[in-house]
Amino acid sequence: MGKATVGVVARDEKGDVLLASGRMLFHCSDAEEAELLACREGFTLALHWISQPITLETDCLTVCAALKSSVENRSRVALLLWEVKQLMAELREVEICHCKRSQNRVSHLLANKACVESLCKVWLHRAPDFVATALATDCNPSES
């Protein structure tokens with residue numbers, strides 16, 4: 001088990017930041033697990049702070065497919081996947097879409113900051129200054 005980080009950004013339909021988060025993970029097996037942990041983090045925050053439909057944009061194709069699938073998952077991340085799907089069910093409306101890694105820069109900047117500073121932080125109603133310039137070029141589902 002190694003270390004990993006997650007970055008989450010939630011924006012409204014105009015692109016304004018509703019919340020952002022960066023967190024260090026001290027026990028993580030691989031990128032797929034890290035992505036599911038990021039999804040769990042994002043959906044948990046959304047349940048508390050966002051009252052509108054959610055579009056999850058992920059650059060991990062396997063996680064995207066697993067979240068959309070109705071087939072029972074028996075992999076080593078099955079429990080975590082189940083937890084994420086339970087959170088999705090609690091939200092009003094959730095759309096899952098795949099985007100290219102290069103289009104998901106804001107989340108990666110937040111994750112990198114969490115790695116460098118061993119941080120666990122949530123910013124409400126704004127993005128931290130270090131990601132402000134990347135917001136305009138973050139993942140857009142129409143480009144995937």
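The values are calculated or read from the model by the stated rules, or taken from the named source; none is laboratory data. All values derive from a computational prediction rather than experimental measurement. A quick note on method: Cβ atoms are made from the backbone with ideal geometry, for glycine too, and the neighbour counts reach across all protein chains shown.
Residues in segment 14-41 that are more than 13 Å from K3 (Cα to Cα) and either part of a loop (DSSP other than H, G, I, E, B) or free of Cβ contacts under 8 Å to residues at least 12 places away in the same chain (or both): 3 in all. Exactly one residue among L36, L47, L56 is touching an Asp or Glu at 6+ places or on another chain (Cβ under 9 Å) and either more than 23 Å from K100 (Cβ to Cβ) or among the acidic types (D, E) (or both), and that residue is L47. Restricting attention to segment 1-40, the residues that are buried (at least 16 other Cβ atoms within 10 Å of the Cβ), more than 27 Å from R126 (Cβ to Cβ) and not hydrophobic (A, V, I, L, M, F, W, C) add up to 2. Of the residues making up segment 42-54, not a single one is crowded, with 20+ Cβ neighbours inside 10 Å, aliphatic (A, V, I, L, M), outside any strand (DSSP E or B) and at pLDDT below 90.
R76 falls short on exactly one of the conditions (1) in a helix (DSSP H, G or I); (2) in contact with a Ser or Thr (Cβ under 8 Å, 6 or more places away or on another chain); (3) more than 27 Å from L124 (Cβ to Cβ); (4) of a type outside the set (V, I, T), and that condition is (1). Checked against (1) part of a helix (DSSP H, G or I); (2) under 15 Å from the mean Cα position of the chain (by Cα), C97 passes all but a single condition, namely (1). Out of curiosity, is A65 among the hydrophobic types (A, V, I, L, M, F, W, C) and crowded, with 19+ Cβ neighbours inside 10 Å? Taking the combined requirement at face value, the residue does not satisfy it. Please verify whether segment 124-137 includes one or more residues that are modelled with pLDDT of 90 or more and either part of a strand (DSSP E or B) or among the hydroxyl-bearing types (S, T, Y) (or both). Within segment 124-137, one or more residues are modelled with pLDDT of 90 or more and either part of a strand (DSSP E or B) or among the hydroxyl-bearing types (S, T, Y) (or both).
Could you please let me know if S102 is part of a loop (DSSP other than H, G, I, E, B) and surrounded by fewer than 19 Cβ atoms within 10 Å (Cβ to Cβ)?
Working: part of a loop (DSSP other than H, G, I, E, B): no; surrounded by fewer than 19 Cβ atoms within 10 Å (Cβ to Cβ): yes.
No.
Considering the conditions (1) at pLDDT below 90; (2) in contact with a helix residue (DSSP H, G or I) (Cβ under 7 Å, 6 or more places away or on another chain); (3) not in a helix (DSSP H, G or I), R92 is excluded by exactly one of them, (2).
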